[in-house]
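K.L.:
One structure coming up, written as structure tokens, with questions to follow.
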Amino acid sequence: MTGGEWAGGSIEARGEDVGELTAHLDALAAATGFGIASLSVPRAVGEITIVAVGGPQAPPELVGRVTPLGEVEEILRRGRPWDRLLFLPEDEAVEVVADIWTADEPTRDLADDPGAWHPYDLLVLPVEDDGVNLGLVWFDLPIDGRRPEGEARSRMAASALLAARPLARAIRNQRLLERARLAQGAAQLVRRANEQLDLDRALDEVTSTLRRLLRVDEVDVRVAGHPRGPDPLVGLDPRLPEIVDRAAERCWQRGVASAIGPRTQSNDIIDPREFAIVRAAFAPAGPATGMLAPIGAGPDCFGRIVVRRTTSDRDWTDEEVAALRDMGEELGRVVLTARAYAREQEASAYRGRLVAAVGRELRQPIGSMLGHLGDLQEAAMGRPGGSGGVGDGDGSGDGEVVDPHLTGAVARVARATQRLSGVVTDLISLALVDDADRALPDRLVDLREACHAAVELLSIRAARAGIALVEEYRGDLWTTGDAAEIERVMINLVGNAVKYSEAGGTVRVAARAETATTEAVVEIVDDGIGISPEDRDRLFTEFFRTDNPQARSREGTGLGLVIAARIIARHGGRVEVESELGSGSTFRVRLPLTPPSAAPAS
């Protein structure tokens, strides 16, 4: 009889699982009349390992014994069928199996008693499910000391088959449970690692979780170009890192992980001469196990995961090997995401420095231009030796207009220069807001005062445009942070409401304390031209300008709302927008509310 396909996975029997398997093996031993029934299951390294032992004479030292799959296949091929059982007499068994466990060496000559059970006799029962070998049950030490014959053999074989069915179900269930445990743990690990945009924190998360998930003593995760302290492999053998890195490359090319079991003498990933170095380094004082998985994405391998068990020689299951292999692939995507985020942060920081530098360099010449333009306006109005300030450019004043064309040209240049000055101011403000190293002051801010200051500043502009400004405040309105920054936000939002409203409209500035959510809420409501849904999605994008001709006719840099939103986010709050085209807009600012007890007395 030849064996069918071996299951592509294994079980790790422990605790209650061992008890269930042992109970089934006790039943098998009783049904067949043997003192020992032991169960071996396949492992990822081409071996089967005994995971549980039952029967009245069951020796615990059998657990963990390994038989190469090649020897098992030979037993299945050469074994004499006793129904589904397979028997190899001692003279053939010693030719097939290099290391046969025996309870005792023969104490008498058994040659004259062909019916006697020899200690080297082998009797096995393949445990199958849908033609797939889940494991192998080994029988030893028949109670009567005899090889079953005739009717007794048939009854024993039939009883063995009946008792093996629940054992097959138990093995299948435990394999599924182990697979589910590892899959759930791997999914949680991937989610936590993906939440960490910082690569060091992501690798730390992987290291701690893998140690718990795979029940290992050591985990080392290495990514090329990302130093993480001394490599522990160097401490084992200075040659080891290069050997393992080459093995990781080969693993990535084949899409596998490489496991070294306690009795593994070679594998097809590591060169035989280098494998001896790995074995000696991993287990200098006795059996130990290790596993390697590559980290990569696409065609590129750029790292490795090495896990080791140094306090146990327990072998690796197929599920554990597959889980570590999959984790290497998932971690490759995490590394790419973290690297992209780091590049984006670097680019953002560089852009901030560049914007700030350009703003500073432009501020002085623009200020000088505005001063000279003021002199030109005064001269054009027939008032030499003017104040040097830039006027409205409408030709009004005490002096007689010397050259109307020149006056108009100067006024247009002045307006353009003032607009450019506003752009420079906004650029510098944007760079300051984006500066992660700039600390936020821990000072109380009166939101009522910030809102009222914005209303007062914009009241003349609103009056000229025929727009009414209305204020409404309820409750204690204190938050913590930078008062100047928050006042700037209010000026920006109220100014926008005035800018995009029509004559006869109203802008309402209302603030209230929401104790249920511990938030201070400021609302700036207008009945102006409104915002389309498409534009709402892009309002807080740098330099965004709408295609709406009504809105484009009003001047703006496309930075004011961006700066406002980032200032509020820096203070732990958020800006919300409600608007419909033609029906006005509501901008709502939510900030953490400081308890009244922390606010200064009025």
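K.L.:
Quick check: with the 1.4 Å probe, what order do LEU561, LEU88 take by accessible area, largest first?
P.N.:
Reading off the accessible areas and sorting them downward yields LEU561, LEU88.
K.L.:
With a 1.4 Å probe and every protein chain left in place, tell me how much accessible area MET369 has, in Å² to the nearest 10.
P.N.:
So the heavy atoms of MET369 present about 90 Å² to solvent.
K.L.:
Also, I was wondering about something else. Sort out for me the Cα centre separation of the stretch 161-233 from the stretch 483-515, rounded to whole Å.
P.N.:
Rounded to whole Å, the Cα centres lie 53 Å apart.
K.L.:
Can you give the FRET efficiency for ARG212 and ASP326, using 1/(1 + (r/R0)^6), R0 = 22 Å, r = Cβ-Cβ distance, to the nearest 0.05?
P.N.:
Computed FRET efficiency for ARG212 and ASP326: 0.85.
K.L.:
Using a 1.4 angstrom probe with every protein chain in place, what is the largest-first accessible-area order of VAL256, VAL522?
P.N.:
I get VAL256, VAL522, largest accessible area first.
K.L.:
Once Lys and Arg get +1 and Asp and Glu get -1 on their Cβ, which of THR479, ALA462, ILE529 lies farthest toward the positive end of the dipole of the stretch 432-539?
P.N.:
ALA462
K.L.:
Counting heavy atoms of the protein chains only and a 1.4 Å probe, report the per residue accessible area for the stretch 477-520 as a whole number of Å².
P.N.:
Per residue, the stretch 477-520 has an accessible area of 36 Å².
K.L.:
Another question about this same structure. Can you give the extra length, in nm with one decimal, that the chain gains between ARG574 and ALA30 once fully stretched, where that is 0.36 nm per residue apart less the Cα-Cα distance?
P.N.:
Between ARG574 and ALA30, full extension yields 188.6 nm more.
K.L.:
Round to the nearest 10 and report in Å² the accessible area of LEU25, as given by a 1.4 Å probe over the protein chains' heavy atoms.
P.N.:
It works out to around 0 Å².
K.L.:
Quick one: net charge of ALA247's neighbours, Cβ under 12 Å, K/R +1, D/E -1?
P.N.:
Working: positive: ARG246, ARG250, ARG254, ARG304; negative: GLU242, ASP245, GLU249, ASP268, ASP271, GLU274.
Net of charged neighbours comes to -2.
K.L.:
What does the net charge come to around LEU336 if you take all other residues with beta carbon closer than 15 Å to its beta carbon, with K and R at +1 and D and E at -1?
P.N.:
Residues near LEU336 contribute -2 overall.
K.L.:
With each label point set 7 Å from Cα along the Cα-Cβ vector, what nm distance links ALA23 and GLU242?
P.N.:
5.7
K.L.:
Contour minus end-to-end for ASN173 and ARG84, with contour as 0.36 nm per residue of separation and end-to-end as the Cα-Cα distance?
P.N.:
Working it through step by step, the gained length comes to 29.8 nm.
K.L.:
Report the GluC sites (Glu not before Pro) located in the stretch 129-210 that are in a DSSP loop and have at most 13 other Cβ atoms inside 10 Å of their Cβ, or state none. Let's see the in-between values first.
P.N.:
Details: sites: GLU149, GLU151, GLU178, GLU195, GLU205; in loops: GLU149.
Counting only loop positions with at most 13 other Cβ atoms within 10 Å, the GluC sites (Glu not before Pro) in the stretch 129-210 are GLU149.
K.L.:
Go through the stretch 528-538 residue by residue and turn each phi into a ³J(HN,Hα) via Karplus (6.51, -1.76, 1.60, θ = phi - 60°); whole Hz please, and just put x for glycine and proline.
P.N.:
Values per residue, Gly and Pro as x: x, 6, x, 9, 6, x, 5, 6, 4, 5, 10 Hz.
The values are calculated or read from the model by the stated rules, or taken from the named source; none is laboratory data. Since the structure is predicted, the reported quantities are computational estimates derived from the model, not experimental observations. Every residue, glycine among them, receives a Cβ derived from its backbone with ideal geometry; neighbour counts consider all protein chains shown. Surface areas here come from the heavy atoms of the whole protein model, side chains and all, with no ligands, DNA or RNA. Shrake-Rupley method; radii C 1.70, N 1.55, O 1.52, S 1.80 Å.
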